[in-house]
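Comments concern the structure below.
The values are calculated or read from the model by the stated rules, or taken from the named source; none is laboratory data. Only a predicted model underlies this, so the values are computations on that prediction, with no experimental measurement involved. Don't worry about glycine lacking a Cβ; one is built from the backbone with ideal geometry, like all the others, and counts go over all protein chains shown.
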């Protein structure tokens, strides 16, 4: 949303800090790998910080008597969900057989959904408490910094992670750099679990993203410093020049020629190769259309426009291009480029056949994304767009999973997928409903009825009112 979102960011971490790695433009040194030669280019590790995530232990579980939203538009009343060994085993009606040895939970009058996936978060990079020492989301020293990685700023002890889990049913989330820069750096997708290190939270196999931003933020930040860009045309000129350089770098690599290692160009070459997904902060419809043209000029694809308050104006174009829009329900009008939205933005994008997502960009709103989706759903119904509750849940789980490249693993309750499951104590689109239980990979990570299943970060231990549930 803004140049950087600070404050109130939460964390579900249990133990120690993880050391942050410094990034920047470098050349290969003899101390690291053999020096490149014209006939023997150096091969660099594309994944130097691999996921070490291991699911917490779980028990075979059956939740029965519930209303199920499967995340892809399906609804089952008086349904049964079975999961074991971290995977969904069955989703069906009341006659679904429950094997012996399963923990059976009676969910009569309650609802089960896939866990919410927030595609736009800054938890860990702008953690709580919101002090200058925690201001780690924007590398606002150059208009293009694709060499930085958001994971190297993530503080796993951020209390925001556990609040998002317990209050919001969030089981996975993408951590993005802020929007000061045209190219802000790599994003990372996390499982919302306690961990000593960010690697222990990294969603296994999830592709990296590149955060980009158009519009007011980059031109204000750098124009205010008396440097380019200071206009929207400057934004595009800097972007195009940088993509041209990246295309030349990638061409040399593809031809097997030696190149000096350049971390910024490595990220952009990964985008051009289709390995890294573009997540573009963009408000106005005309700018989104220009970004689509630029992506075609240089041969990359935009996965998702974020905030996208004018997506309703070009919803047909977004549907044609297969681009998702991550939107707020009614957060707009706070600056000129955010002025011309409507509360029906999300359902209008959905009606056009485009991929609609409800996102937070905020440490408090991430705890109420179900309510944000409910507001958008109500606004659509008022104007005659009839979207069912079950279909609307795709805005919170399956569509963000698809935009993040993880829909084969999570985002819906389908046999063989990760058992990322939330039991709600009522209709999840009600303002009165809260998560009762949350499982991640089949492990019970939160239980409102059991104080021992309410994760508290190390930072909170000993704080007044925290970690002392009676």
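A compact table of results
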{"item": "In the stretch 210-235, the residues that are farther than 15 Å from residue 142 by Cα and assigned to a helix (DSSP H, G or I)", "result": "216, 232, 233"}
{"item": "Within the stretch 324-348, tally of residues that are part of a helix (DSSP H, G or I), in contact (Cβ under 8 Å) with a residue 40 or more places away in the chain, within 23 Å of residue 302 (Cα to Cα) and touching a helix residue (DSSP H, G or I) at 6+ places or on another chain (Cβ under 8 Å)", "result": "3"}
{"item": "Residue 298 being under 29 Å from residue 274 (Cβ atoms), under 18 Å from the mean Cα position of the chain (by Cα) and touching a residue at least 12 places away in the same chain (Cβ under 8 Å)", "result": "no"}
{"item": "Only listed residue being under 26 Å from residue 246 (Cα atoms), crowded, with 24+ Cβ neighbours inside 10 Å and in contact (Cβ under 8 Å) with a residue 24 or more places away in the chain, chosen from 177, 159", "result": "177"}
{"item": "Members of the stretch 416-441 that are touching a residue at least 60 places away in the same chain (Cβ under 8 Å) and over 21 Å from the mean Cα position of the chain (by Cα)", "result": "416, 423, 424, 425, 426, 427, 431, 433, 434, 436, 437"}
{"item": "Residue match in the stretch 247-269 (condition: free of Cβ contacts under 8 Å to residues at least 24 places away in the same chain and part of a loop (DSSP other than H, G, I, E, B))", "result": "yes"}
{"item": "Residue in the stretch 385-402 that is modelled with pLDDT of 95 or more, within 19 Å of residue 119 (Cβ to Cβ), out of contact with any helix residue (DSSP H, G or I) (no Cβ under 8 Å at 6 or more places or on another chain) and not in a helix (DSSP H, G or I) present", "result": "yes"}
{"item": "Condition met for residue 357 (surrounded by 18 or more Cβ atoms within 10 Å (Cβ to Cβ), assigned to a helix (DSSP H, G or I) and under 15 Å from the mean Cα position of the chain (by Cα))", "result": "no"}
{"item": "Residue check for residue 412: in a loop (DSSP other than H, G, I, E, B) and crowded, with 21+ Cβ neighbours inside 10 Å", "result": "yes"}
{"item": "Residues being buried (at least 18 other Cβ atoms within 10 Å of the Cβ) and closer than 29 Å to residue 190 by Cβ - total across the stretch 205-248", "result": "17"}
{"item": "Condition check for residue 377: more than 24 Å from residue 188 (Cα to Cα), assigned to a strand (DSSP E or B) and in contact (Cβ under 8 Å) with a residue 24 or more places away in the chain", "result": "no"}
{"item": "Candidate set: the stretch 417-448, residues that are in a strand (DSSP E or B) and in contact with a helix residue (DSSP H, G or I) (Cβ under 7 Å, 6 or more places away or on another chain); chosen: the one surrounded by the most Cβ atoms within 10 Å (Cβ to Cβ)", "result": "438"}
{"item": "The stretch 51-63, residues that are more than 20 Å from the chain's Cα centre (by Cα) and surrounded by fewer than 19 Cβ atoms within 10 Å (Cβ to Cβ)", "result": "56, 57, 59, 60"}
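One line per residue, one yes/no per condition, for (1) under 22 Å from residue 50 (Cα atoms); (2) in contact (Cβ under 8 Å) with a residue 60 or more places away in the chain; (3) in a loop (DSSP other than H, G, I, E, B):
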{"position": "98", "(1), (2), (3)": "no, no, yes"}
{"position": "108", "(1), (2), (3)": "no, no, yes"}
{"position": "113", "(1), (2), (3)": "no, yes, no"}
{"position": "119", "(1), (2), (3)": "yes, yes, no"}
{"position": "124", "(1), (2), (3)": "yes, yes, yes"}
{"position": "130", "(1), (2), (3)": "no, yes, yes"}
{"position": "138", "(1), (2), (3)": "no, yes, yes"}
{"position": "154", "(1), (2), (3)": "yes, yes, yes"}
